[in-house]
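Engineer: Can you read through this structure? Questions will come right after.
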Amino acid sequence: MRREHSLKALLAASFLLLSCLTLLVGIEGGPSTPAQAFAKPSDLDVTYVEREPRYPVYIIDYDEGVPYVAASPENGKTWPDVGEAVTFNAHVVNKGEVAFSGFTYTWRFYAGDGPPLWESTGQYAGVMDPGDGVLVSQGWNWYEASAGGPDHRTHRYPKLVLTIIPNEPDERTANNVREYYPLGKDIAFFVAQDLYDAFNARANATGTYSYEDWVQYQIKAMNEAFDRSTYPLAPDGVRERVNLEAVYVVPAASAANNWRCAGAYISDGIFRANTYRGTWDQPRSGGNCNMGDAGNVDWLNSVIRSVDDGLVHELSHQLGLIDAYNLHAGRWDWPCPGIMGGGDRSPHCGAGTDPSDYYSSQDAVALNLELPYRARYYGEYLFDIPRSMEVRFIARDGRPLRNAYVEIYLEDKLTQRVLTDANGKIALLNRPVPSCASDDQWCDGRAGRPEANPGQWRNPTLTGHSQRDSPFGQIDVIGRNGVLRFKVRAPNGKWESDSILEDRLALDISEANLAYWQGNRDSATFVFDTSLADSEPAPEPP
């Protein structure tokens, strides 16, 4: 164990500003709550656990929606080697207003359900005044070679749990236990000083006065959403785990441009919390610590005692999920969307369910596919498209819709005109992607990029997804060209007709992704029911 930088100065500054904060945001109520004196409960808090050494991730940037490798770790090392000695450091902070004379602690390592694989106990006997923090450390050899290395089929295990028992009464014990998932995705928070102070001056959903505890509450909600998001292609839900691995408190209006040096390139995700709900950023070649002004009072009041669904949504971007609402923006609402604003969460629909409690089926499978990799890509799972696709239209009487006029639009651009065949089918034409996107090929120095920073456009991506010719053409990872729309006219219609005998249908890229993940990698058929009549009358009954 080693003593960490004292937080006395931070707490003292918070108290000097307390009268201003109470006038601005109140302590327990809304903006109109009058200033009042209060005493924080005694509280020894395990704020978060981190691992050392840390290794950088691949930094992915985007050129016209196409991912390229902007920076690579030396020797490509992003995880510890099998058998390498690592150290887990738990941050323990006195968040209350009374001193503690130390605590005992126990580390427990779980390899699966059942009792821990091993335990380690210790004691810290130093005095911890309000605001003081210490590190409690535990060593481990990263997966002995005899165990075969990490098992990325699930990140729910292994699980490391630290429990502390303070020597004096602790009025808030929920934060005396903290879990850490060694294979999980680590997320670091950069928070503005004024927002950090405002959170620490108010009781959160766990009853503590701790910004870190509030973030951990959001992380817990995210992991629980993983578990409940079960589907045929993800029968046991999302097998991922997320950790809060660091909190960096920065000046409220810092002009520094080197915030990434504090760890941005070694975390799987970075969240920058500023004035409103927060802005997220996957560090690329720039970034700064400009956090803005004081925290928004109304937002703070609305989330301090609850799960901030918007934050969980934004954190999910750190794992590579896109805003699914982009696929149907301005056209129609998803009937049963998930956390990311779209997709399908069936069968988790109906009364008593909330979109913010579930990831969609597309999101769940995408997250499971990324388990073996460090995070930093975004939306590249959209590349998983069957090599050929066809659509079958069904007439209102259940027979194939033959000889119907079909116009196909990619977003608003007409790409194909075709008649359905005797089985009501049409083949979707693949649109080409740039020639340097062929499988297993690096494309260096893409046209239009500065010679000093050509980047590397790799296909397949480092996470195993290949961009290839498809009806969607060059797929935009944000989802802005992820919908094929069909204008289907009855067999007696005309190409130029505005006949009312017309159905308008759509196929979004998530359906193509799910078909691919179901095993239809070479070809897939998508079936649409229509309200149109077939070209010939149904046969008379015998």
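The values are calculated or read from the model by the stated rules, or taken from the named source; none is laboratory data. Because the structure is predicted, anything quoted here is derived from the model rather than measured. All Cβ positions, even for glycine, are placed from backbone atoms using ideal geometry, and neighbour counts span all protein chains on display.
Engineer: Only one of these is touching a Ser or Thr at 6+ places or on another chain (Cβ under 9 Å) and assigned by TED's automatic domain parsing to the domain that holds Glu240: Glu179, Glu119, Glu84. Name it. Even if it seems obvious, please write down each step before you answer.
Structural biologist: On the way: Glu179 fails: touching a Ser or Thr at 6+ places or on another chain (Cβ under 9 Å); Glu84 fails: touching a Ser or Thr at 6+ places or on another chain (Cβ under 9 Å).
The conditions single out Glu119.
Engineer: Also, quick follow-up: Please verify whether region 327-341 includes one or more residues that are farther than 25 Å from Thr461 by Cβ, crowded, with 22+ Cβ neighbours inside 10 Å and of a type in the set (D, E, K, R).
Structural biologist: The answer is no; no qualifying residue exists.
Engineer: Would you point out the residue of region 60-86, among those that are at pLDDT 80 or above and touching a Lys or Arg at 6+ places or on another chain (Cβ under 7 Å), that is surrounded by the most Cβ atoms within 10 Å (Cβ to Cβ)?
Structural biologist: First, pick out the residues of region 60-86 that are at pLDDT 80 or above: 60, 67, 77-86.
Narrowing further to those that are touching a Lys or Arg at 6+ places or on another chain (Cβ under 7 Å): 60, 78, 86.
Numbers: Ile60: 24, Thr78: 18, Val86: 17.
The residue in question is Ile60.
Engineer: Which members of region 333-359 meet the condition of being of a type outside the set (Gly, Ala, Ser) and in contact (Cβ under 8 Å) with a residue 60 or more places away in the chain? Full working, then the answer.
Structural biologist: Narrowing region 333-359 to residues of a type outside the set (Gly, Ala, Ser): 333-337, 339-340, 344-345, 347-349, 353-355, 357-359.
If the condition is that a residue be of a type outside the set (Gly, Ala, Ser) and in contact (Cβ under 8 Å) with a residue 60 or more places away in the chain, then Ile339, Asp344, Arg345, His348, Asp357, Tyr358, Tyr359 are the ones that fit.
Engineer: Any idea how many residues of region 401-425 are without any contact (Cβ under 8 Å) to a residue 60 or more places away in the chain, out of contact with any Lys or Arg (no Cβ under 8 Å at 6 or more places or on another chain) and surrounded by fewer than 16 Cβ atoms within 10 Å (Cβ to Cβ)?
Structural biologist: Selection size over region 401-425: 4.
Engineer: For Val57, state whether it is over 23 Å from the mean Cα position of the chain (by Cα), assigned by TED's automatic domain parsing to the domain that holds Ser101 and either surrounded by fewer than 20 Cβ atoms within 10 Å (Cβ to Cβ) or at pLDDT 65 or above (or both). Can you show your working first?
Structural biologist: On the way: over 23 Å from the mean Cα position of the chain (by Cα): no; assigned by TED's automatic domain parsing to the domain that holds Ser101: yes; either surrounded by fewer than 20 Cβ atoms within 10 Å (Cβ to Cβ) or at pLDDT 65 or above (or both): yes.
Considered against the rule, which asks whether it is over 23 Å from the mean Cα position of the chain (by Cα), assigned by TED's automatic domain parsing to the domain that holds Ser101 and either surrounded by fewer than 20 Cβ atoms within 10 Å (Cβ to Cβ) or at pLDDT 65 or above (or both), Val57 comes out as no.
Engineer: Given the structure, is Ser388 at pLDDT 85 or above and polar (S, T, N, Q)? Outline the logic, then answer.
Structural biologist: Values: at pLDDT 85 or above: yes; polar (S, T, N, Q): yes.
Yes; evaluated as a whole, the condition is true for this residue.
Engineer: Between residues in region 154-168 that are farther than 23 Å from Val92 by Cα and residues that are of a type in the set (Asp, Glu) and modelled with pLDDT of 95 or more, which pairs lie under 7 Å by C-beta distance while being six or more apart or on different chains?
Structural biologist: His155/Glu240
Engineer: Is at least one residue of region 85-93 part of a loop (DSSP other than H, G, I, E, B) and at negative phi?
Structural biologist: So the first thing to find is which residues in region 85-93 are part of a loop (DSSP other than H, G, I, E, B), and the list is none.
Checked against the condition, which is being part of a loop (DSSP other than H, G, I, E, B) and at negative phi, region 85-93 yields no hits at all.
Engineer: Only one of these is crowded, with 17+ Cβ neighbours inside 10 Å, modelled with pLDDT under 70 and out of contact with any Leu (no Cβ under 6 Å at 6 or more places or on another chain): Gly30, Gly96, Gly26. Name it.
Structural biologist: None of the others qualify; the one that does is Gly26.
Engineer: Let me confirm something: among Ser356, Ser360, Ser316, which residue is surrounded by fewer than 21 Cβ atoms within 10 Å (Cβ to Cβ) and outside the structural domain of Gln474 (by TED's automatic domain parsing)? If you could, list the steps in order and put the result at the bottom.
Structural biologist: Numbers: Ser360 fails: surrounded by fewer than 21 Cβ atoms within 10 Å (Cβ to Cβ); Ser316 fails: surrounded by fewer than 21 Cβ atoms within 10 Å (Cβ to Cβ).
Matching residue, one of Ser356, Ser360, Ser316: Ser356.
Engineer: Every residue in region 186-230 that is within 23 Å of the chain's Cα centre (by Cα), closer than 25 Å to Arg51 by Cα and not in a helix (DSSP H, G or I), please.
Structural biologist: Asp186, Ile187, Ala188, Phe189, Phe190, Val191, Ala192
Engineer: Looking at this structure, is Ile219 in the same structural domain as Ser346 (by TED's automatic domain parsing) and surrounded by 19 or more Cβ atoms within 10 Å (Cβ to Cβ)? Give the steps one after another, and end with the answer.
Structural biologist: Numbers: in the same structural domain as Ser346 (by TED's automatic domain parsing): yes; surrounded by 19 or more Cβ atoms within 10 Å (Cβ to Cβ): yes.
So Ile219 fits the description; yes.
Engineer: Scan region 103-130 for residues that are assigned to a loop (DSSP other than H, G, I, E, B) and surrounded by fewer than 19 Cβ atoms within 10 Å (Cβ to Cβ) and report the count. Show your work before the answer.
Structural biologist: So the first thing to find is which residues in region 103-130 are assigned to a loop (DSSP other than H, G, I, E, B), and the list is 111-117, 125-127, 129-130.
Then keep just the ones that are surrounded by fewer than 19 Cβ atoms within 10 Å (Cβ to Cβ); that gives 111-117, 125-127, 129.
Matching residues across region 103-130 total 11.
Engineer: Test Arg417 against the criterion of being modelled with pLDDT under 90 and basic (Lys, Arg), and give yes or no. Full working, then the answer.
Structural biologist: Details: modelled with pLDDT under 90: no; basic (Lys, Arg): yes.
It is false that Arg417 is modelled with pLDDT under 90 and basic (Lys, Arg).
Engineer: Among the residues of region 357-389, write down those that are out of contact with any Leu (no Cβ under 8 Å at 6 or more places or on another chain), under 21 Å from Phe472 (Cβ atoms) and assigned to a helix (DSSP H, G or I).
Structural biologist: Across region 357-389, the qualifying residues are Leu369, Glu380, Leu382, Phe383.
Engineer: Could you list, in sequence order, all residues of region 169-195 that are in contact (Cβ under 8 Å) with a residue 60 or more places away in the chain and under 22 Å from Ala99 (Cα atoms)?
Structural biologist: Residues satisfying the conditions are Pro169, Asp170, Glu171, Arg172, Asn175, Asn176, Val177, Arg178.
Engineer: On to the next question. Going through region 204-216 one residue at a time, which ones are on the phi < 0 side of the Ramachandran plot and surrounded by fewer than 20 Cβ atoms within 10 Å (Cβ to Cβ)?
Structural biologist: Initial filter on region 204-216 (on the phi < 0 side of the Ramachandran plot): 204-206, 208-216.
Matches in region 204-216: Ala205, Thr206.
Engineer: Considering each of Leu195, Leu183, Leu162 in turn, give the residue that is surrounded by 20 or more Cβ atoms within 10 Å (Cβ to Cβ) and in contact with a Gly (Cβ under 9 Å, 6 or more places away or on another chain). Steps first, answer last, please.
Structural biologist: On the way: Leu183 fails: in contact with a Gly (Cβ under 9 Å, 6 or more places away or on another chain); Leu162 fails: in contact with a Gly (Cβ under 9 Å, 6 or more places away or on another chain).
Selected residue: Leu195, the only one of Leu195, Leu183, Leu162 that is surrounded by 20 or more Cβ atoms within 10 Å (Cβ to Cβ) and in contact with a Gly (Cβ under 9 Å, 6 or more places away or on another chain).
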